[in-house]
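In what follows, a structure is listed as structure tokens, so that the remarks can point back to it.
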Amino acid sequence: SLEFIETEENMEIAIGYGYVSDANKLNAAVKAYSDEGFCNYSNMKDLMQAKFPGIDYTSGQPVLRGISSVHSGSAALIVINGAVGGSLSNLMPCDVVSIDIIKDSGAAIYGAQGANGVIIITTK
């Protein structure tokens, strides 16, 4: 049997119920860390739009995809420190340690709630 050996050239990232190779992660998962200057932004909307240019805020909520799910409109599911259903409006960028954006099949672990993608935030 083959065994996966993680090296700098050979990386996989766990998403949902499976893994994605580092080369393909931009299609399924993107991550940003606080050492990338989160404190330079006055609010989460500006931070999110700067670090993840594909996010749309025309509805007032972060939208990762243009399509709507049956139950939750088109807004992405927000998970803050493991709690599902958080709000970005109550967060200050300097309090955020990391942000993960998961879309496509990687968000399957969140069921129908994750149909429009998931924003996972870890704070201090």
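The values are calculated or read from the model by the stated rules, or taken from the named source; none is laboratory data. This one's a predicted model, so the numbers in the text were calculated from it and none came from an experiment. Side chains included, ligands, DNA and RNA excluded: accessible areas come from the protein's heavy atoms. Shrake-Rupley method; radii C 1.70, N 1.55, O 1.52, S 1.80 Å.
Residue-wise test of (1) among the β-branched types (Val, Ile, Thr); (2) over 14 Å from the mean Cα position of the chain (by Cα); (3) modelled with pLDDT under 60; (4) open to solvent by 50 Å² or more (accessible area, probe 1.4 Å).
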| position | (1), (2), (3), (4) |
| --- | --- |
| 32 | no, no, no, no |
| 38 | no, yes, no, no |
| 45 | no, no, no, yes |
| 62 | no, no, no, no |
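Of everything in the stretch 66-85 that is open to solvent by less than 40 Å² (accessible area, probe 1.4 Å) and closer than 17 Å to residue 55 by Cα, the residue that is modelled with the lowest pLDDT is 69.
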